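The structure appears below as structure tokens.
The values are calculated or read from the model by the stated rules, or taken from the named source; none is laboratory data. Values in this document were obtained by computation on a predicted structure and should not be read as measured data. Here Cβ is always computed from backbone atoms with ideal geometry, including for glycine, and neighbour counts include all displayed protein chains. Just the protein is used for accessible areas: all its heavy atoms, side chains included, with ligands, DNA and RNA removed. Shrake-Rupley method; radii C 1.70, N 1.55, O 1.52, S 1.80 Å.
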Amino acid sequence: MGINKKSVPMREQPPEQRKHNFLEVPLGYSKEEATLEAQRCLQCPTHPCVDGCPVHINIPAFILKIRQNKLQEAIDIIHQSNLLPAITGRVCPQEDQCQAVCIMGNVGDPISIGRLERYVADWELENRKKGEVKIPEKLPPKNKKVAIIGSGPAGLSCAADLAKMGYDVTIFEGFHKTGGVLTYGIPEFRLPKWIVEEEKKFFEKLGVKFETDVLVGRTITIKELMENGFEAVFIGTGAGLPRFMHIPGENLDGIYSANEFLTRVNLMKAYKFPEYDTPIKIGKRVAVIGGGNVAMDAARTALRLGAEHVFLVYRRSRKEMPAREEEIAHAEEEGIEFMLLTNPVRYIGDEKGFVKQAECIKMKLGEEDASGRRRPIPIEGSEFKLDVDQVIVAIGTTPNPIIAKTTEGLKTGRHGVIEVDENMQTSVKGVFAGGDIVTGAATVITAMGAGRKAAASIDKYLRGEL
Ligand code: FAD
Ligand code: SF4
């Protein structure tokens, strides 16, 4: 019997049902499904998938353990490189990373590495509920304190590696909850928040301390942290400052940044109003501006809150959308109307100052720009008005400047990103940075990779080798 060229599909909540609830959409593999998928892996000696993974998980090794039903060994292998597999198994763009270079992709579907990772991670989370948490080995205490600013994937990964090396690590987080975008950005139906909370316990078991409601640059500065005995600092504060288009009417009521909209819903649980005291406008006709993951999340969230019609207004074509294919397909299945090659030019309000129309213009594609995508060009005279009562702007984010403004000598680059050298060290001695604050908005796994790289450099620095 030859190898099955088709990957084992994952069961999902049907679109008609899921668009009315916040429950997770993909339902995970059963043992039989995971074993069947694991059997498709060729166990290639060159394993290109490992190089395709930004944190270099030993993919064939953990897949082999699934085949043998040795799931503790499978999770131990994954944990050597990645302490957030239940999260990355759900949100990583595997199709552009490990799965993009999987040899099986030459003859059929690549191995569903993300789904298998999720399967093993979910098995481990189930075991944790029975009180069986196995943490990776730790070196003896080094009696040196390191401060991590920001509890997103970059900060968490950096903290975990340093804790394993025996450092005394404290994470300072501006919000009242930890997790960064995993908690306040990515919606419950893609990443249930109990998983993020459960992963936090894992870090606590490793000895990482969390101090929430501490906004570094306001509550305390980096200089003060160092004066308080922290010998190195890692900045993993992400890129959470929303961008706007600066077009007329953008300040009208009913126009949100995707950040504010998603934070209200995810972090402040506005979808459970009045059980949670966070108000949110529930638009009937909602326009979401943008074509990335954030735009898809905002559109699908608006739908679940009760919008009758959600338009996704994007200035290029579907092909250029930066969102993951799976998210685009899910949004389409749920009935989000894509208005492609279209851009808003101004918003029109009613007499009370609430948005009532978005004036848009049709676009065509020109030459490729610096991003390698074809540049959108407005088509003169093609303006039209779209009736809306809510607009959510999801056209990107930049780093918040608080830390740069309050840390003397900290060099920043374009759009306020923090500049680092090849060791992730900033222009201030002993201060390192990584994740979205350095690259601009990117992905969970690249932020994790940066956090791990910085941890290795911080260790060198504290041992006097850097
Ligand atoms: P963040 O996750 O942003 O964490 C930074 C943390 O620092 C936050 O908790 C913040 O509150 C805290 N902080 C900021 N300033 C301070 C301060 N001064 N003091 C103390 N704390 C501070 N990526 C994917 O791979 N797949 C996806 O499907 C995906 N979907 C996304 C959906 C949305 C809605 C968004 C917004 C992003 C998405 N991303 C996705 C991108 C991904 O989440 C980010 O690239 C990643 O979280 C960056 O990690 P980070 O640790 O650098 O920053
Ligand atoms: Fe398995 Fe694909 Fe990796 Fe080969 S490249 S070892 S088939 S996951």
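General remarks:
- Test: residue in segment 282-291 that is touching a residue at least 40 places away in the same chain (Cβ under 8 Å), within 21 Å of Leu191 (Cβ to Cβ) and either open to solvent by less than 50 Å² (accessible area, probe 1.4 Å) or of a type outside the set (Lys, Arg) (or both): yes
- Search result, residues across segment 24-44 that are within 21 Å of Lys70 (Cβ to Cβ) and part of a loop (DSSP other than H, G, I, E, B): Gly28, Tyr29, Ser30, Arg40, Cys41, Leu42, Gln43, Cys44
- Pairs with Cβ under 8 Å, 6+ apart, first in segment 221-234 and acidic (Asp, Glu), second surrounded by fewer than 21 Cβ atoms within 10 Å (Cβ to Cβ): Glu231/Lys144; Glu231/Lys145; Glu231/Gly430; Glu231/Leu462
- Matching residues, segment 173-213, being farther than 23 Å from Leu27 by Cα and open to solvent by 70 Å² or more (accessible area, probe 1.4 Å): Phe175, His176, Lys177, Lys201, Glu204, Lys205, Lys209, Glu211, Asp213
- Filter result for the condition that a residue is modelled with pLDDT under 95 and either open to solvent by 60 Å² or more (accessible area, probe 1.4 Å) or within 16 Å of ligand 1 (Cβ to nearest atom) (or both), over Ala331, Ala442: Ala442
- Leading residue by the ranking (surrounded by the most Cβ atoms within 10 Å (Cβ to Cβ)) among those in segment 234-264 that are of a type in the set (A, V, I, L, M) and assigned to a strand (DSSP E or B): Ile235
- Residues that are at pLDDT 95 or above and under 18 Å from Trp123 (Cα atoms) within segment 58-72 comprise Ile59, Ala61, Phe62, Ile63, Leu64, Lys65, Ile66, Arg67, Gln68, Asn69, Lys70, Leu71, listed in sequence order.
- Annotation: Thr426 fulfils all but one of (1) of a type outside the set (A, V, I, L, M, F, W, C); (2) open to solvent by 60 Å² or more (accessible area, probe 1.4 Å); (3) within 30 Å of Cys158 (Cβ to Cβ); the unmet one is (2).
For (1) within 16 Å of ligand 2 (Cβ to nearest atom); (2) charged (D, E, K, R); (3) in contact with a Ser or Thr (Cβ under 9 Å, 6 or more places away or on another chain), each residue gets a yes or a no:
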| residue | (1), (2), (3) |
| --- | --- |
| Lys164 | no, yes, no |
| Thr170 | no, no, no |
| Gly174 | no, no, yes |
| Gly179 | no, no, yes |
| Tyr184 | no, no, yes |
| Phe189 | no, no, yes |
| Val196 | no, no, yes |
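- Filter result for the condition that a residue is among the β-branched types (Val, Ile, Thr), touching a residue at least 12 places away in the same chain (Cβ under 8 Å), under 30 Å from Arg304 (Cα atoms) and not in a helix (DSSP H, G or I), over Ile135, Ile195, Ile186: Ile186
- Selection from segment 82-111 of residues that are in contact (Cβ under 8 Å) with a residue 60 or more places away in the chain, crowded, with 18+ Cβ neighbours inside 10 Å and within 16 Å of ligand 1 (Cβ to nearest atom): Asn82, Leu83, Leu84, Ala86, Ile87, Thr88, Arg90, Val91, Cys92, Pro93, Gln97
- Checklist (1) over 30 Å from Gln13 (Cβ atoms); (2) outside any strand (DSSP E or B) applied to Leu365, failing item: (2)
- Looking across segment 113-123, the residues that are open to solvent by 10 Å² or more (accessible area, probe 1.4 Å) and either small (Gly, Ala, Ser) or more than 16 Å from ligand 1 (Cβ to nearest atom) (or both) come down to Tyr119, Asp122, Trp123.
- Within segment 441-457, residues that are closer than 20 Å to Gly185 by Cα and assigned to a loop (DSSP other than H, G, I, E, B) sit with their Cβ atoms under 9 Å from residues that are among the polar types (S, T, N, Q) and within 16 Å of ligand 2 (Cβ to nearest atom), at 6+ positions apart or across chains, in these pairs: Thr443/Gln97.
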